[in-house]
Amino acid sequence: MSTINAATMGRLSDLPTAAARRTSSEQKEKMQSVIANAEPPPRGQVKADNDPENLYARITKNGKLIAEVYKSGAVVRPNSVDLPSLTNEANDPSNLKNIRIKEILEFTGGKVEYMDASRTAAKAQQAKMLFETQLFASK
């Protein structure tokens, strides 16, 4: 039975660094090439907070993007925009996005454009067309 002592632990913790040092520049270039040329997975197959389909609202001021808020409450902002620490807790987690929108507006001002409104309008148009088609077919 072998035991691990403090000296062995120290050497084990150096392994990732040592492995990185042994990677040749050719291997690094190949890995970077693979990463750069990798195709993203098809839309809708990844359940990421910042998937474009999960965009809830955009906040703009004077025509410039301040932040994008996703349905989960995740906030993405340009590097040029400083925001304060935002609330991490909500009594109702489904409302976190609205709490954060309110905080950003209080700090920066600006205007909110909700993405769901355009989707809802498109769905309403589709429903109207379906209803009219069924109504026409029943005559």
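Here, each number is a calculation from the coordinates, and none is a lab measurement. Remember, it's a predicted structure, so these values are computed and weren't measured experimentally. No Cβ is skipped: glycine too gets one built from the backbone with ideal geometry, and neighbour counts run over all protein chains shown.
How big is the Rg/Rh ratio for the range 52-135, C-alpha atoms only, Rh by Kirkwood, two decimals? Mind dumping the intermediate values first?
Working: Rg = 16.0 Å, Rh = 14.2 Å.
Using only Cα positions, Rg/Rh for the range 52-135 is 1.12.
With each label point set 7 Å from Cα along the Cα-Cβ vector, what nm distance links TYR114 and LEU130?
2.2
Could you list PHE136, PHE107 so that the one with the fewest beta carbons within 10 Å of its beta carbon is first and the one with the most is last?
On the way: PHE136 8, PHE107 13.
With the sparsest Cβ surroundings first, the list reads PHE136, PHE107.
Hey, with R₀ at 35 Å, roughly what FRET efficiency would GLN32 and VAL76 work out to, going by the Cβ-Cβ distance, to 0.05? Display every interim value, and only then the final one.
Numbers: r = 25 Å, r/R0 = 0.71.
E(calc), rounded to 0.05, equals 0.90.
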